[in-house]
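The values are calculated or read from the model by the stated rules, or taken from the named source; none is laboratory data. A quick note: this is a predicted structure, and the numbers were derived from the prediction, not measured. For neighbour counting, all protein chains shown are included, and Cβ atoms are generated from backbone atoms with ideal geometry for every residue, glycine included.
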């Protein structure tokens, strides 16, 4: 996964988002059980895991990923009832057969995550104090079949406890 930060300008309608790209699965080798988060029967993470495999992440997972930059292979996860940096609120599959390039993937991820943000939070992005970022495939992970964009919500003021679903200012 690659992470870069893009800021939301105060006086414009531009969408700001930190972005993270998935690094290739083959570079990771086989997934070992320690890379998988411990989940309850409903799929919620119930134990912290400092090195959850990025490809094991799913909607509803809470992350401690504020320091994530560049390509990442693992992401710290925690139960959502503990303080955390962000939460995955939406997942989308990109359907192109050939990698369209990072700029196109980032543009598509922003276009997918923005309306999902409003549905999740309950208010438009530009009216919310919350921000979003996303994990997206790299050229290398795309070649291994990765097409998933994971939309992530976070509070720029710092960690939160509990889900941000339906939370408005």
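Before we move on, is residue 86 modelled with pLDDT of 95 or more, under 20 Å from residue 36 (Cα atoms) and touching a strand residue (DSSP E or B) at 6+ places or on another chain (Cβ under 9 Å)?
Working: modelled with pLDDT of 95 or more: yes; under 20 Å from residue 36 (Cα atoms): yes; touching a strand residue (DSSP E or B) at 6+ places or on another chain (Cβ under 9 Å): yes.
For residue 86, the condition - modelled with pLDDT of 95 or more, under 20 Å from residue 36 (Cα atoms) and touching a strand residue (DSSP E or B) at 6+ places or on another chain (Cβ under 9 Å) - is met.
Residue check, residue 140 against (1) under 26 Å from residue 50 (Cβ atoms); (2) under 17 Å from the mean Cα position of the chain (by Cα); (3) surrounded by 17 or more Cβ atoms within 10 Å (Cβ to Cβ), all met but one. Which one?
(2)
Residues in segment 103-114: is at least one within 12 Å of the chain's Cα centre (by Cα), at pLDDT 95 or above, under 15 Å from residue 87 (Cα atoms) and in a helix (DSSP H, G or I)?
Yes - at least one qualifying residue is present in segment 103-114.
Count, please, the residues in segment 84-102 that happen to be in a loop (DSSP other than H, G, I, E, B) and loosely packed, with under 13 Cβ neighbours inside 10 Å.
5
Go over the candidates 78, 149, 105, 160 one by one and state the one that is surrounded by 18 or more Cβ atoms within 10 Å (Cβ to Cβ), touching a residue at least 12 places away in the same chain (Cβ under 8 Å) and more than 29 Å from residue 42 (Cβ to Cβ).
When all the criteria are applied, what remains is 105.
In this structure, is residue 58 modelled with pLDDT of 95 or more and either in a loop (DSSP other than H, G, I, E, B) or surrounded by 19 or more Cβ atoms within 10 Å (Cβ to Cβ) (or both)?
When the stated conditions are applied, residue 58 passes them.
Being part of a loop (DSSP other than H, G, I, E, B) and either surrounded by 14 or more Cβ atoms within 10 Å (Cβ to Cβ) or in contact with a helix residue (DSSP H, G or I) (Cβ under 6 Å, 6 or more places away or on another chain) (or both) narrows it down to one of 118, 123, so name that one. Give the steps one after another, and end with the answer.
Details: 118 fails: part of a loop (DSSP other than H, G, I, E, B).
Within the list 118, 123, the selection yields 123.
Being within 25 Å of residue 46 (Cα to Cα), in contact (Cβ under 8 Å) with a residue 24 or more places away in the chain and either surrounded by fewer than 21 Cβ atoms within 10 Å (Cβ to Cβ) or touching a strand residue (DSSP E or B) at 6+ places or on another chain (Cβ under 9 Å) (or both): is that true of residue 69 here?
It is false that residue 69 is within 25 Å of residue 46 (Cα to Cα), in contact (Cβ under 8 Å) with a residue 24 or more places away in the chain and either surrounded by fewer than 21 Cβ atoms within 10 Å (Cβ to Cβ) or touching a strand residue (DSSP E or B) at 6+ places or on another chain (Cβ under 9 Å) (or both).
If we keep just the residues of segment 32-52 that are over 20 Å from residue 154 (Cα atoms) and not in a loop (DSSP other than H, G, I, E, B), which is modelled with the lowest pLDDT?
33
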